[in-house]
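Before we start, here is the structure in question, set down as structure tokens.
The values are calculated or read from the model by the stated rules, or taken from the named source; none is laboratory data. Quantities reported herein were computed from a predicted structural model and do not represent experimental measurements. Here the Cβ is made from the backbone with ideal geometry for all residues, glycine too, and neighbour counts use every protein chain on show. Surface accessibility is based on the protein's heavy atoms, side chains included, excluding ligands, DNA and RNA. Shrake-Rupley method; radii C 1.70, N 1.55, O 1.52, S 1.80 Å.
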Amino acid sequence: MMNPPAYKPGEHPDLPPPRSTIGPIAWIRTNLLSSPTNIVLTVLSVWFLYELVPAALEWGFLDAAFTGENRDECREKAGGACWAFIGERFRLFTYGFYPIEERWRIDLTFVLLIVALMAVLWDQCPFRKQGLIFACVFPFVAGWLLLGGFGLTPVDTDEFGGFMLTLVIGVTGISFSLPIGIVLALGRQSHLPIVRVFSVSFIEFFRGVPLIALLFVASTMLNYFLPRGTSFDLLLRVLIMVTLFASAYMAEVIRGGLQALPRGQYEAADAMGLKYWTSMRLIILPQALKISIPGIVNTFIGLYKDTTLVIIIGLLDPLGVGRSSLSDTKWTGLANEMYLFVAIFFFLSCFGMSRYSLYLEKKLATGYER
Amino acid sequence: MNNETSATQNGSTGNDSIIAIRNMHKWYGQFHALKDINLDVVRGEKIVICGPSGSGKSTMIRCINRLEEHQQGEIIVDGTELTNDLKNVEVVRREVGMVFQHFNLFPHLTVMENCTLAPIWVRKAPREEAETIAMEYLERVKIPDQAHKFPGQLSGGQQQRVAIARSLCMKPRVMLFDEPTSALDPEMIKEVLDVMVELATEGMTMLCVTHEMGFAKTVADRVIFMDGGEIIEENNPQEFFDNPQHDRTKLFLSQILNH
Ligand SMILES: Nc1ncnc2c1ncn2[C@@H]1O[C@H](COP(=O)(O)OP(=O)(O)OP(=O)(O)O)[C@@H](O)[C@H]1O
Ligand SMILES: [Mg+2]
């Protein structure tokens, strides 16, 4: 038998949801214990965390030594990690071999980088217009600050190292590979055969060769091709190779986005009489890049981590600094601490990029497509 | 050799035609998609184009704004001949609006931005002026209140009306419609057709590919029937529907009217 309606039609008030569907207990029930498989997985995870977390805490914090002159002093104090090692080498990890009295220039560059990034990445940023203009001149300012000249003591790029080197290569590679990748992707779709052939060959070449090989070419072989007596900076060559390598990947990611756009978007833009570059800039690229965000950020992260490969041609990135520190007799055998520390640095940077890409995707979502 | 622009502007068209298509052929690779098309459209004329699927209707009207390239013959739109010269193509596209079956609104821009984009970037109109005009046309298609939404938030019928308004904002001399109602649910077809009828009564030159025979009967000055890439028959709507000459036209009409 049907219950008579509790309210007259049109007078039904808003009621709270039933108790069993809200609150922590309900959450646990639906998310952790909803089925036998789910229960098994939950139990396994809890057991895994139980084994892992206390041990990691023990090693990393509770039983770790934060001070000490060398490895043996650390070991006397505690059985866990020896963070004194990282503490002593921290500046080397950060600045490489940059002259100590000039390190403020790196700090200043870093602060300016943050300002420029804020303007580029955050559309609510105060003084955004000025910020964007600043972001355009930033590369020159950064180059001047880091390399010196024009009133600053010149610093050779041999002395670059550590996280600072990672950032120099990573940020340069990222900021140049995106525009180059866009141009290559558009070139690959061009109606002009020369442009198309050039783009395709460029992309296929740089994608088909390992980055390590390119770096070797940059460090040794280029000398054969360059006229005798001329030489250009090793770091600059590395920057060019890393950028071109990432551009090739970027081009393919963006091409995916361009092809995912319905033909109708191109046709509507054409039918309106928009010129090629206007329609690319206002119609096609905003949509194609939006679709490609996950792939673009993926490429960025790949590039960023690949900067560690420069170690094999003798540049001292954080891993290089770490390895050379390990060979110091005071600190032998502390590889765990060193690799963990470098890993955390890379993880934080990459995690930041990945979070930002999620934020962007959400921000750019404009209602649902029909 | 005389000056090309003056030659085309005086118009080899002679009379008042705004579109003149002469012996035009189009191939897709080996496939002969349009065969010897001849068509003159007078200013203010409303033409409905119908025909079975694959007969080349879309291809023909897309040649008029060079979304497709023809390989033989000539197409002259408002005194400008469509050639490989991109300048001419731009001139023609400024004067010819197009409405697509699938609307093709730009989903990342609001309705207002969709409508002001071409006036601002192609006509170089100041933003405020473009927005005033856009608002006027959005009112004409009866959706001024949706101006700041994104296309994805509108119904199909509303989207198609925005697409019409977007084209009108360029103040085109000719409007091309490629099956503007065939992606719509029945209850939305009428709201779009109403807008088109109103546009027709205001004297716009219209070429319309559609299977809405009611629309053809009320507004068309001429109905064109295509099949196999050829114009098989053209006539005023009364004669066309009541007294079709060609067998293929009869067959087509019997199929389309009997369901
Ligand atoms: N890009 C293309 N490449 C090759 N063939 C094409 C292309 N576009 C259309 N065709 C062919 O040209 C012919 C005419 O196509 P068109 O789209 O003009 O037909 P239509 O009359 O508009 O049909 P419908 O009513 O289905 O829209 C068809 O046979 C089609 O297969
Ligand atoms: Mg069609």
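Does residue A:329 count as surrounded by 18 or more Cβ atoms within 10 Å (Cβ to Cβ), modelled with pLDDT under 95 and polar (S, T, N, Q)?
no
Find the residue count for region A:184-226, including only residues that are among the aliphatic types (A, V, I, L, M), under 30 Å from residue A:283 (Cβ atoms) and without any contact (Cβ under 8 Å) to a residue 60 or more places away in the chain.
6
Would you mind listing the helices (runs of 4 or more DSSP H) fully within region A:161-272 where at least 2 residues are more than 14 Å from chain B (Cβ to nearest Cβ) and modelled with pLDDT of 95 or more?
A:162-188, A:193-208, A:234-260
Checking residue B:119 against (1) more than 16 Å from ligand 2 (Cβ to nearest atom); (2) over 19 Å from residue A:274 (Cβ atoms), which test does it fail?
(2)
Tell me, yes or no, whether region A:34-49 has at least one residue that is open to solvent by less than 100 Å² (accessible area, probe 1.4 Å), among the aliphatic types (A, V, I, L, M) and outside any helix (DSSP H, G or I).
No, there is no match, as no residue in region A:34-49 is open to solvent by less than 100 Å² (accessible area, probe 1.4 Å), among the aliphatic types (A, V, I, L, M) and outside any helix (DSSP H, G or I).
Check region A:341-361 and report whether any residue there is surrounded by fewer than 16 Cβ atoms within 10 Å (Cβ to Cβ), out of contact with any Phe, Trp or Tyr (no Cβ under 6 Å at 6 or more places or on another chain) and within 14 Å of chain B (Cβ to nearest Cβ).
Yes, because at least one residue in region A:341-361 is surrounded by fewer than 16 Cβ atoms within 10 Å (Cβ to Cβ), out of contact with any Phe, Trp or Tyr (no Cβ under 6 Å at 6 or more places or on another chain) and within 14 Å of chain B (Cβ to nearest Cβ).
Here's something else I'd like to know. For region A:273-308, which residues satisfy the criterion of being open to solvent by 20 Å² or more (accessible area, probe 1.4 Å), of a type in the set (A, V, I, L, M, F, W, C) and facing chain B (nearest Cβ under 9 Å)?
A:282
Residues checked against (1) among the aromatic types (Phe, Trp, Tyr); (2) within 16 Å of ligand 2 (Cβ to nearest atom); (3) in a strand (DSSP E or B); (4) open to solvent by less than 50 Å² (accessible area, probe 1.4 Å):
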| position | (1), (2), (3), (4) |
| --- | --- |
| B:22 | no, no, yes, no |
| B:35 | no, no, yes, no |
| B:48 | no, yes, yes, yes |
| B:52 | no, yes, no, yes |
| B:55 | no, yes, no, yes |
| B:74 | no, no, yes, no |
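So which residues in region B:174-186 are more than 11 Å from ligand 2 (Cβ to nearest atom), in contact (Cβ under 8 Å) with a residue 12 or more places away in the chain, away from chain A (no Cβ under 13 Å) and open to solvent by 20 Å² or more (accessible area, probe 1.4 Å)?
Once the filter is applied, which keeps residues that are more than 11 Å from ligand 2 (Cβ to nearest atom), in contact (Cβ under 8 Å) with a residue 12 or more places away in the chain, away from chain A (no Cβ under 13 Å) and open to solvent by 20 Å² or more (accessible area, probe 1.4 Å), region B:174-186 yields nothing.
Does region B:37-50 include one or more residues that are near ligand 1 (Cβ under 8 Å from one of its atoms) and under 16 Å from residue B:210 (Cβ atoms)?
So far as region B:37-50 goes, no, none of its residues is near ligand 1 (Cβ under 8 Å from one of its atoms) and under 16 Å from residue B:210 (Cβ atoms).
Need the failing condition index for residue B:61 against (1) within 16 Å of ligand 1 (Cβ to nearest atom); (2) over 15 Å from residue B:19 (Cβ atoms), just the number.
Here residue B:61 clears every test but (2).
So, one more: Is it true that residue B:96 is at pLDDT 95 or above, over 19 Å from the mean Cα position of the chain (by Cα) and buried (at least 17 other Cβ atoms within 10 Å of the Cβ)?
no
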